[in-house]
Amino acid sequence: MGETMRKPCRNRSAPNRIESGAAVVATIAVGVAGLLIVPGSASAQDNSRSSQATTLDELIVTATKRAESLQDVPMAITAITGEEIERQGIEDFSDFARQTPGVIVTEAAKHFGKFVIRGLETNTTYSGFSNKLTAVYIDEIPLTNLSINTPDMRLYDIDRIEVLRGPQGTLFGSSSMGGAVRIITKKPNLGKLQGSLAADFALTEGDSWRQRYNVMLNAPFVEGVLGVRLVGYYRNEEGYITNIGFGKTNSDSSEEWGGRLSLRWSPTDKLNVTLSAMRDDSDISDLSLSDPVLGTHVRASFVPDITDLTTQTYSATVEYDFNFASLLSTTAYAESERVFDLGLPRVLTAVLPVGFRSYEALSSVMNETRLVSPPGGRFDWVVGTFLIDRERDGRAGLFTSAEFLRTRNISGLPRNLRPEEDTLDVSDASSVLTQAEAAIFGELSYHLTPTVTLTGGLRYGSSEVSQTNLATGFDATGAVVAAITGGGNRTINIVPRTATTSLSTGSTKKLVKKVSLSWERTEDQTYYALASQGFRIPNPNFGSLVNGGRSTTDPNDPIVIEGAVRSDSLWNYEVGAKTSWLSDRLVANIALYYIRWDDIQQPLARPSDSAPYFGTAGGAVSKGVEVEVQARPSEGLQLGLSLTLQDAKITSLTADEARATGAVKGARLASPNFQASISAVYSWNI
């Protein structure tokens, strides 16, 4: 239960492609992908047999919360097997996104990656603390959270990756408007002692060395009953950016370590219990952004834009077969800590160097429990519950250069969160944000005939987001600017904050729907039509508490900040075909979609007084076609193609929305109109 199954395919395949990565001056890779601790376990003979295959293999996925053949699922899904991950050297999110139709990843630095699926994004940088548009899961645990970061987990010893394109609101809830990315790890093998080692070395531009090490050990304690699997990794990667602001080459270096530990207990054929723990610790010394005005791979900031991120999760999953249905229940606890610096070169540049710094401690507790019917009946059904509570304790503020103020004889500001740097706090604020969601969901498939299936899905849930700004810290921004423009020679009088304020969206109810019709014309051809809905939950707006939400500098400004930005939602209408030809040597899939997105949530700033808030940015339409082709024309040779043609743009916009966002009607969303990747893999025995 919950395991990946793979078998010779009559008409099914997993789309796997190879795409080149960033250019390097020299690359040396050393890998031992299947180190044999016990002869005969995961032997090289398995690879020998796979290289001799003349047909494409079937891949079983669990994207619909039940085990199904990839080619039978009536929606657009790309799946990449663990074998392909190893063979292609897929290391992070951007590696597999490049070869998935309709998907891109924008990334200013590690752990700042943002998935853009089917054009559903309004900017290519991070979006503050707004709710995500793509849900990212590792096994059953959601990694997308209240932070601007999304942990970019190391893809070693992975069973498969599933990329679900299009909204997945019924099964995956909020923040899956664009789709969902599921990383399925390998579970303990209860019958074999196994292990693997892999090392990767590279020399990149600027004579920078990259070192990557991975290890896996699997050991059964009681054969067939109890086993453990341990995965560890270490990364040390020198950068390639020159930051002339503080005079450092290869400023964007990073170091990362972490691992996973899972224990599996299977006392009977009906029961599996899996306990898992995961940790990732990452230190990033600067952003990998460059300013083309300054030169290739050159940027300028008066301090390094540092990110220190630690993420850890603990989970328990129980699977039980009741015969009439299978139960799966996962309870997880996740926490992370992050310190983040960001230079703001275009803010107050003419007055003083300024940066933004924040500290976050995030925690969440979640449970998902579901029952899944066995296959083979007239009805197939999934029903479940989902609960999650998140909390973010944050501290944030502006800082500036201590040397800059000393030269102007300005004093009185305190040191900040990084006392090792010659910087001072200009403002400081603390807050607590909580988010709670609860939902029931289900999907029911009715086989109208042996080849025609009608599926309907519903999700009904409630959510509430609350934020409390604490009476701690201070704001001396105005005093510092006045001291500088007044000629300096002043001591800043720190005035502490005195009021605690709270704001809540209140309990918001939401019903999300999905319906699909599929027709299996033959064993090798499946056609489908799908309508599915996605949504994001509301966000509170603290700007509404200042001056009644009106501008503090322009009383005639028509933009009035509301207490909360309302939920945005979209509908996806899709038709597609999944086909196999030439005795399973050729697989060709196509999907055409039309998406209407209303009341787009967006972090904004009011032009008249720069007050930040969450607002709406009109409506948009995204439409396109996605093609995936896999072919095995001869023994050992596999070819692949993915192609996307897409048109995503703003279609409706009020005058106030245009003024706040800078957008215009007809403007393209943050996605390319054309994507393509091709691959060719040839394997032979040695």
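Using only helices, what value at 222 nm comes out for the chain when you add -39,500 (n - 2.57) per DSSP H run of length 4 or more and divide by the total residues, to the nearest 500 deg cm²/dmol? List each step's numbers first, then the result.
On the way: 7 runs with 45 residues, N = 686.
Rounded to the nearest 500, it is -1500 deg cm²/dmol.
The solvent-accessible area of residue 234, taken with every protein chain present and a 1.4 Å probe, is close to 70 Å².
Of the listed residues 447, 111, the order by accessible area with a 1.4 Å probe, largest first, is 447, 111.
If you place +1 on the Cβ of every Lys and Arg and -1 on the Cβ of every Asp and Glu, how big does the dipole about the Cα centre of the chain come out, in debye to the nearest 20?
Working: 64 positive and 77 negative charges, 238 e Å.
My answer is approximately 1140 debye.
Here the accessible area is traced with a 1.4 Å probe on the protein chains. For the chain, carbon and sulfur cover 59 percent of it. Computed over the alpha-carbon atoms, segment 260-410 gives an Rg to Rh ratio of 1.24, Rh here being the Kirkwood radius from the mean inverse distance. Residues whose amide H lies under 5 Å from that of residue 301, counting only those 5 or more places away or on a different chain, are 244, 245, 246; hydrogens are built 1.01 Å from N in the peptide plane. Ignoring lysines fewer than eight residues from residue 509 along the same chain, the ones with Cα atoms less than 26 angstrom from its Cα are 65, 132. Rolling a 1.4 Å probe across all protein chains gives residue 302 an accessible area of roughly 60 Å². Once all protein chains are placed together, residue 222 keeps about 70 Å² accessible to a 1.4 angstrom probe. If you average the C-alpha positions of segment 531-608 and of segment 431-479 separately, how far apart do those two centres end up, in angstrom? The two parts, judged by their Cα centres, are 14 Å apart.
Relative contact order of the chain, taken over Cα pairs closer than 8 Å and 6 or more residues apart, is 13 percent.
What whole-number value in Å² describes the accessible area per residue of segment 184-256 for a 1.4 Å probe?
Here the residues of segment 184-256 average 45 Å² of exposed surface.
In terms of packing, defined here as the mean over residues of other Cβ atoms within 10 angstrom, the peptides 516-526, 615-625 line up highest first as 615-625, 516-526.
Local charge for residue 436 was computed over the other residues whose Cβ lies under 11 Å away, with Lys and Arg +1 and Asp and Glu -1, and equals -3. The Cα atoms of segment 333-486 define a convex hull whose projected area, averaged across directions, is 14.2 nm².
With every protein chain left in place, what is the accessible area per residue of segment 614-666 in square angstrom, probe 1.4 Å? Mind dumping the intermediate values first?
Working: 2090 Å² over 53 residues.
On a per-residue basis, 40 Å².
Placing unit charges on the Cβ atoms of the charged side chains and taking the dipole of the chain about its Cα centre, the candidate lying farthest along the positive direction among 411, 494, 198 is 494.
Taking the charge dipole of segment 381-486 about its Cα centre, with +1 at Lys and Arg Cβ atoms and -1 at Asp and Glu Cβ atoms, the residue from 451, 383, 439 reaching farthest to the positive side is 451.
I'd like the Kirkwood hydrodynamic radius of segment 354-398, using the inverse of the mean 1/r over distinct C-alpha pairs, in Å.
Values: mean 1/r = 0.0692 Å⁻¹.
Final number for the Kirkwood radius of segment 354-398 is 14.4 Å.
Working from Cα pairs under 8 Å separated by at least six residues, relative contact order for segment 361-400 is 49 percent.
For a quick protection proxy, order the peptides 497-505, 454-462 by their average other-Cβ count within 10 Å, most packed first.
Details: 497-505: 14.0, 454-462: 18.2.
Put in order of decreasing packing, that is 454-462, 497-505.
If you take all other residues with their beta carbon under 9 Å from the beta carbon of residue 459, and give Lys and Arg +1 and Asp and Glu -1, the sum is +3.
The values are calculated or read from the model by the stated rules, or taken from the named source; none is laboratory data. Fair warning: this is a prediction, and the values are worked out from it, not measured in the lab. Reconstructed Cβ throughout: ideal geometry from the backbone, glycine too, with neighbour counts over all protein chains shown. All accessible areas refer to the heavy atoms of the entire protein, side chains included, with ligands and DNA or RNA removed. Shrake-Rupley method; radii C 1.70, N 1.55, O 1.52, S 1.80 Å.
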